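> Below is one structure. I have some questions about it.
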Amino acid sequence: IQNAGDYICMASNSYGTENYVVSLIVQDVPGSPHGLQVSKRGSRTLTVNWLSPNTASNNINKFIIQYMVKTGMSWSDTESINVSGETTTVELSSLSPATQYLLRVQASNHLGASPPSEPLQVSTAGEPPGGPPTAVVGEALTSHSFRVSWDLPLPQQRHGTI
């Protein structure tokens, strides 16, 4: 893009000079989106905003939002959503409560996708447990005392720290 501009080809002899102007337009993939942030956090949704790349004349036709549970997976194993190149916000849904996610965004044009934005780590909000305690056992110790023990609800039903 640094080499874009008007170039003049000049031919001259003892009778005069002729010029021909050539305009060079350099095209490339867009720059990376930046300023990734979460504007609304729910237990099963996240609203994500970002800023378009500062690169001019790249005609972004879509943004690619990638997200994954923060577990050490690679970015090739992620969920993704595509939105219009005029959109800089998206709501991610069907997420799990009280779960850490990594998010990133790429801009894309007819030449390809930009490098991804810096990843953003965010957690969804918690919610009440989706199931009761398990393995509940009551035991009489004396005529005036009683012991109750139990296990936590199943992991997929905890929805936060218990």
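The values are calculated or read from the model by the stated rules, or taken from the named source; none is laboratory data. All values reported here derive from a predicted model rather than from experimental measurement. Cβ coordinates were reconstructed from backbone atoms using ideal geometry, including for glycine residues, and neighbour counts include every protein chain displayed. When the accessible area is computed, the model is the full protein with side chains, heavy atoms only, and any ligands, DNA or RNA have been set aside. Shrake-Rupley method; radii C 1.70, N 1.55, O 1.52, S 1.80 Å.
> Within the range 130-162, restricting attention to residues that are more than 48 Å from the chain's Cα centre (by Cα) and among the hydroxyl-bearing types (S, T, Y), which residue is surrounded by the most Cβ atoms within 10 Å (Cβ to Cβ)?
Here the residue is S145.
> In this structure, does S76 turn out to be part of a strand (DSSP E or B), within 30 Å of Q157 (Cα to Cα) and not hydrophobic (A, V, I, L, M, F, W, C)? Steps first, answer last, please.
Numbers: part of a strand (DSSP E or B): no; within 30 Å of Q157 (Cα to Cα): yes; not hydrophobic (A, V, I, L, M, F, W, C): yes.
Spelling it out, it is not the case that S76 is part of a strand (DSSP E or B), within 30 Å of Q157 (Cα to Cα) and not hydrophobic (A, V, I, L, M, F, W, C).
> Continuing with the same structure: Kindly provide the set of residues from the range 56-74 that are open to solvent by less than 60 Å² (accessible area, probe 1.4 Å) and touching a residue at least 24 places away in the same chain (Cβ under 8 Å), ordered by number.
N58, I60, F63, I64, I65, Q66, Y67, M68, V69 - these are the residues of the range 56-74 that are open to solvent by less than 60 Å² (accessible area, probe 1.4 Å) and touching a residue at least 24 places away in the same chain (Cβ under 8 Å).
> Now for a separate question. If M68 meets every condition in (1) at pLDDT 95 or above; (2) farther than 16 Å from S108 by Cβ apart from one, which number is that one?
Only one criterion is unmet by M68, namely (1).
> Kindly establish whether S93 is of a type in the set (S, T, Y), surrounded by 10 or more Cβ atoms within 10 Å (Cβ to Cβ) and under 13 Å from the mean Cα position of the chain (by Cα). Show your work before the answer.
Numbers: of a type in the set (S, T, Y): yes; surrounded by 10 or more Cβ atoms within 10 Å (Cβ to Cβ): yes; under 13 Å from the mean Cα position of the chain (by Cα): yes.
Judged against the criteria, S93 is a match.
> Which count do you get for residues in the range 102-122 that are more than 13 Å from the chain's Cα centre (by Cα), surrounded by 15 or more Cβ atoms within 10 Å (Cβ to Cβ) and not hydrophobic (A, V, I, L, M, F, W, C)? Even if it seems obvious, please write down each step before you answer.
Start the filter on the range 102-122 by keeping residues that are more than 13 Å from the chain's Cα centre (by Cα), which leaves 108-114.
When the remaining residues are screened for being surrounded by 15 or more Cβ atoms within 10 Å (Cβ to Cβ), the result is 108-109, 113-114.
Checking which are not hydrophobic (A, V, I, L, M, F, W, C) leaves us with 108-109, 114.
Residues flagged as more than 13 Å from the chain's Cα centre (by Cα), surrounded by 15 or more Cβ atoms within 10 Å (Cβ to Cβ) and not hydrophobic (A, V, I, L, M, F, W, C) within the range 102-122 amount to 3.
> While we're looking at this one, here's another question. Filter the range 119-162 for residues that are under 20 Å from S43 (Cα atoms) and assigned to a strand (DSSP E or B) and give the result.
The answer is L120, Q121, V122, S123.
> Further question on the same structure: Just the residues that are within 16 Å of the chain's Cα centre (by Cα) and not in a strand (DSSP E or B), please, taken from the range 15-41.
Scanning the range 15-41 gives G31, S32, P33.
> Among the residues of the range 44-55, count how many are open to solvent by 30 Å² or more (accessible area, probe 1.4 Å), in a strand (DSSP E or B) and closer than 14 Å to S32 by Cβ.
1
So that you can scan it fast, the table gives a plain yes or no per residue for (1) among the hydroxyl-bearing types (S, T, Y); (2) more than 13 Å from Q106 (Cβ to Cβ):
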| residue | (1), (2) |
| --- | --- |
| G5 | no, yes |
| I8 | no, yes |
| E18 | no, yes |
| L36 | no, no |
| K40 | no, yes |
| F63 | no, no |
| T78 | yes, no |
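> Right, here's the next one. Can you name every residue in the range 1-17 that is free of Cβ contacts under 8 Å to residues at least 24 places away in the same chain and surrounded by 10 or more Cβ atoms within 10 Å (Cβ to Cβ)?
Residues satisfying the conditions are A4, G5, Y7.
> Further question on the same structure: Output the qualifying pairs, or none if there are none: Cβ atoms under 7 angstrom, residues six or more apart or on different chains, first residue in the range 109-126 and free of Cβ contacts under 8 Å to residues at least 24 places away in the same chain and farther than 12 Å from Q37 by Cα, second residue open to solvent by 50 Å² or more (accessible area, probe 1.4 Å) and in a loop (DSSP other than H, G, I, E, B).
Partner pairs satisfying both residue conditions: none exist.
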